1. State the antiparallel share, in %, of DSSP beta bridges confined to the chain, rounding to the nearest 5.
2. From Cα pairs below 8 angstrom and at least 6 apart in sequence, can you work out the relative contact order of segment 3-150, rounded to a whole percent?
3. Regarding segment 198-298, what's the average projected area of the Cα-atom convex hull, expressed in nm²?
4. Using the charge dipole of segment 134-229 (Lys, Arg: +1 at Cβ; Asp, Glu: -1 at Cβ; taken about the Cα centre), state which of Ile217, Gly196, Val165 has its Cα farthest towards the positive end.
5. Along segment 159-164, what does the Karplus equation 6.51 cos²θ - 1.76 cosθ + 1.60 (θ = phi - 60°) give for ³J(HN,Hα), rounded to whole Hz, x for Gly and Pro?
6. Across every pair of different alpha-carbon atoms, what Kirkwood hydrodynamic radius in Å does segment 305-452 reach?
7. Could you calculate, for the chain, the ratio of the Cα radius of gyration to the Kirkwood radius, expressed as Rg to Rh?
8. Note down the relative contact order for the chain as a percent, whole number, built from C-alpha pairs under 8 angstrom at least six residues apart.
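The numbers here are math on the coordinates, done by the rules we state, and not lab data. Here the structure is a predicted model, which means the values were calculated and not measured. So basically every Cβ, Gly included, is an ideal-geometry build from the backbone, and we count neighbours across all protein chains shown.
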Amino acid sequence: MSLKQRLMVLSSIWLVFILVLVNGFTYFFVVNITTKSEKELMLNKARTILEKKDLLDPTLWSEPGLLEEFLVTNEMIRIIGRTGLIQQQVFTDPKLTAKQVVWQTSYNVEIVRINKERYLYVQVPILAGNDQVGVLELGRTMRLWNEYLDVLLTALTITSFGALVLSFIGALFYSRFIFKPIRHLLTTMQIIQNSGTFRKLDIDYTSRQDELGELSITFNDMIGKLEEHFLKQQQFLADASHELRTPLTIIESYANMLNRWASKDAELRTEAIEAISSETKRLKGMVTSLLQLVDSEAQALVELQTVELTGLIESVASSMELSFEREVSVVTDGRTYTILGVPEKLRQLFLILLDNAIKYSSKPITVYMGQEEGGVIVKIADHGIGVAASELPHLFDRFYRVDRARTRQTGGLGLGLAIAKQIVQQHKGKIEIDSEPGVGTTVKVKFMRMEEQ
Ligand SMILES: Nc1ncnc2c1ncn2[C@@H]1O[C@H](COP(=O)(O)OP(=O)(O)OP(=O)(O)O)[C@@H](O)[C@H]1O
Ligand SMILES: [Mg+2]
């Protein structure tokens, strides 16, 4: 059963329930009110009859015409004596006399059903002084009342049925109106699935000021993100294959050269072997970086541990100082900062940043550590070539290098900062670069301190 059918069935069932409840209440309310007034009327009539003095004297009960003056259509009046026998009885409807005679000592009103017809009976004691000498009984056919109730019942049934039909037709229309965008969403999703292309919902759906509008906007956002991700992935593949091609082409051409000429020319041979070896190294480095990138993209950090950041940075700085024979000084505010993270990843992060600072500058490098708005900040500052403001937004893109020709000599792949950004994001931190061409570059990394996490 579709959602639309389910909604229609449910709303119809609910409507039937409401109609039964409301109409049932109306019906019983009317029945109650009308019987009450009928009963009152009969009792009043009995009282009026008893005001006639002749009636209080049992010796006069056999006199003809005693009750005649009170008789109207569809009624019966009778006097029951102390023996329980009928003393006098007048009626216009013989069916009313069918009721058994009962001796009543108090006022009594009852509705009796005989052969599916309702009759109203009233019994009032006849008192002579304090003594009860008989019972005055009045009966009335409730035919008219019955007919009224039948009309009421028919009217209620017809209006209920009409309401049900109208609501069903209404539901058909409004459910079509409500379900149209959902159906459209479903069709769009199926098209995306079958064709493998990205599609968005048009403005008719996204401009709606309701949940369906929100759903459409969210859907479009999601598709937009997926498309962006997909394009990035494609771009990455294209870039990676392009980057891998260059060293491979170099290796290939030197190998060919070796094949053809190198046996004769020793100098050429040395050059070719050196070039092949350096390009192979480059290739290896690139593959390692690519694998690192994919690896850290795939897995979130699971085994977080407390890392003493100050010590870690000092050790990275001194090892870089040693291997590159460059001055790297660490300036701290004397405190030790601890964060939650993975030490190897953090070590790799600062290696990447220091490697850049060393590669793109020739003066001493300073690493500052301190706190800012409850977080720990690490700044790596160099006084090197710097980066133009227009280049800054792209530095974290994979394979992005400011000056391709220049970085080729320094051996850069353009993957360092992309990896660095991933590591920082995995540690829920932030990374920013501030740079001025010819003046220097400062990379700022911010982490949440342990107490805050
Ligand atoms: N401290 C810096 N000073 C000047 N330019 C920088 C600095 N750091 C990064 N850059 C620029 O940003 C580019 C991207 O840096 P990234 O570290 O991602 O790649 P890379 O250093 O070229 O290669 P690798 O993958 O080997 O790190 C660099 O090519 C360089 O042009
Ligand atoms: Mg780098």
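1. Details: 55 of 59 bridges.
Here the antiparallel bridges make up roughly 95 percent for the chain.
2. On the way: 196 pairs, mean separation 29.8, N = 148.
Relative contact order, segment 3-150: 20 percent.
3. On the way: hull surface 36.9 nm².
Its Cα hull, projected and averaged over all orientations, spans 9.2 nm².
4. Val165
5. 3J(HN,Hα) across segment 159-164, in whole Hz: 5, 5, 4, x, 4, 5.
6. Working: mean 1/r = 0.0646 Å⁻¹.
It works out to 15.5 Å.
7. Working: Rg = 50.9 Å, Rh = 33.0 Å.
Dividing the radius of gyration by the Kirkwood radius yields 1.54.
8. Working: 571 pairs, mean separation 38.9, N = 453.
With pairs under 8 Å counted, the relative contact order is 9 percent.
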